[in-house]
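Since the structure comes first, as structure tokens, the remarks are kept for the end.
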Amino acid sequence: MTNLFSSFDPTTSILGMSLNWLSTLVGFLIIPMTFWFIPSRFSFVWYKILGTLHNEFKILIKSDNIKGSTLIFISLFSIIMFNNFLGLFPYVFTSTSHMSLTLTLALPLWLSFMLFGWINHTQHMFAHLVPQGTPPVLMPFMVCIETVSNVIRPGTLAIRLAANMIAGHLLLTLLGNTGSKLSILMINFLLIVQFALLLLEAAVAMIQSYVFAVLSTLYSSEVV
């Protein structure tokens, strides 16, 4: 089990300083220089994606009082998808598979939403603890359930992202380790399966970053 999870251990270091977390910045070297200087096809596609996300997040927030708030969630989507894709390259550390990064993204967001809501909209936040139409007998239980579900939100966000990143990489690692014991025919079949799983992991990388950003947007819309 130690060997199986060793690919997720941030152990690379120089002079005692960990270098694996630099993988969150190494991807900037891959981006073509034309993206920064002149409008290219890549930049047009990316701006189109960001514009679509902006329009969708604006609908989810349901408030025109906070201008530019969608930029927070678009940036969150971008950095998570960026790191998820970097993890698909060989010998690149997958930073989003660690709770230390995912919880760092989720916890400050949730905490700032809670502080803003309870300080500025206290009555509105109390109303959220009891769903509309709840019988008086069940109200104390609903308050407890809603409180617990609210408190565990940053944990569920962080665990969902990290678990999905770990699961796909573990499956690729397990299948790859069996290659030396297979015949030529089975190795060809294994390569096809690995390519299919790699495509699935690319889809998961996009979906999980989108889910993280959308859920964060929904949580923010409840405190406004």
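The values are calculated or read from the model by the stated rules, or taken from the named source; none is laboratory data. Predicted model, so just to flag it, every value in this text is computed and none were measured. As a convention, Cβ positions derive from the backbone with ideal geometry for all residues, glycine included, and neighbour counts pool all protein chains shown.
Being more than 16 Å from the chain's Cα centre (by Cα), surrounded by fewer than 11 Cβ atoms within 10 Å (Cβ to Cβ) and among the basic types (K, R) is the requirement here; does K58 meet it? So K58 fails the test.
Residues are listed down the side, and each one gets a yes or a no for (1) in contact (Cβ under 8 Å) with a residue 12 or more places away in the chain; (2) under 16 Å from the mean Cα position of the chain (by Cα); (3) farther than 24 Å from T70 by Cβ:
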site: H169; (1), (2), (3): yes, yes, yes
site: L182; (1), (2), (3): no, no, yes
site: L191; (1), (2), (3): no, no, yes
site: L198; (1), (2), (3): yes, no, yes
site: M206; (1), (2), (3): yes, yes, no
site: F212; (1), (2), (3): yes, yes, no
site: V224; (1), (2), (3): yes, no, no
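Total residues in the stretch 124-165 satisfying the condition of being within 30 Å of H98 (Cα to Cα) and either acidic (D, E) or in contact with a helix residue (DSSP H, G or I) (Cβ under 6 Å, 6 or more places away or on another chain) (or both): the figure is 9. With the checklist (1) within 16 Å of L25 (Cα to Cα); (2) over 13 Å from the mean Cα position of the chain (by Cα) in hand, flag the one item G68 doesn't pass. Result: G68 fails condition (1) only. Against the test of being over 19 Å from L161 (Cα atoms), in contact with a Ser or Thr (Cβ under 9 Å, 6 or more places away or on another chain), at pLDDT below 75 and not in a loop (DSSP other than H, G, I, E, B), the options W36, W21 yield a single qualifying residue, W36.
Can you spot a residue in the stretch 163-186 that is exposed (fewer than 12 other Cβ atoms within 10 Å of the Cβ) and at pLDDT 85 or above? Checking the stretch 163-186: not a single residue is exposed (fewer than 12 other Cβ atoms within 10 Å of the Cβ) and at pLDDT 85 or above.
The single residue among L86, L103, L76 that is touching a Gly at 6+ places or on another chain (Cβ under 6 Å) and closer than 30 Å to I166 by Cα turns out to be L86.
Only one of the listed residues (T122, T134, T156) is surrounded by fewer than 17 Cβ atoms within 10 Å (Cβ to Cβ), without any contact (Cβ under 8 Å) to a residue 40 or more places away in the chain and under 18 Å from Y210 (Cβ atoms). That residue is T156.
Restricting the stretch 36-55 to residues that are surrounded by 13 or more Cβ atoms within 10 Å (Cβ to Cβ) and not aliphatic (A, V, I, L, M) leaves a set whose member that is nearest to S78 (Cα to Cα) is W46. Would you confirm whether or not the stretch 96-104 contains a residue that is loosely packed, with under 14 Cβ neighbours inside 10 Å and at pLDDT below 70? Within the stretch 96-104 (the criterion being loosely packed, with under 14 Cβ neighbours inside 10 Å and at pLDDT below 70), the answer is no, since none of the residues qualifies.
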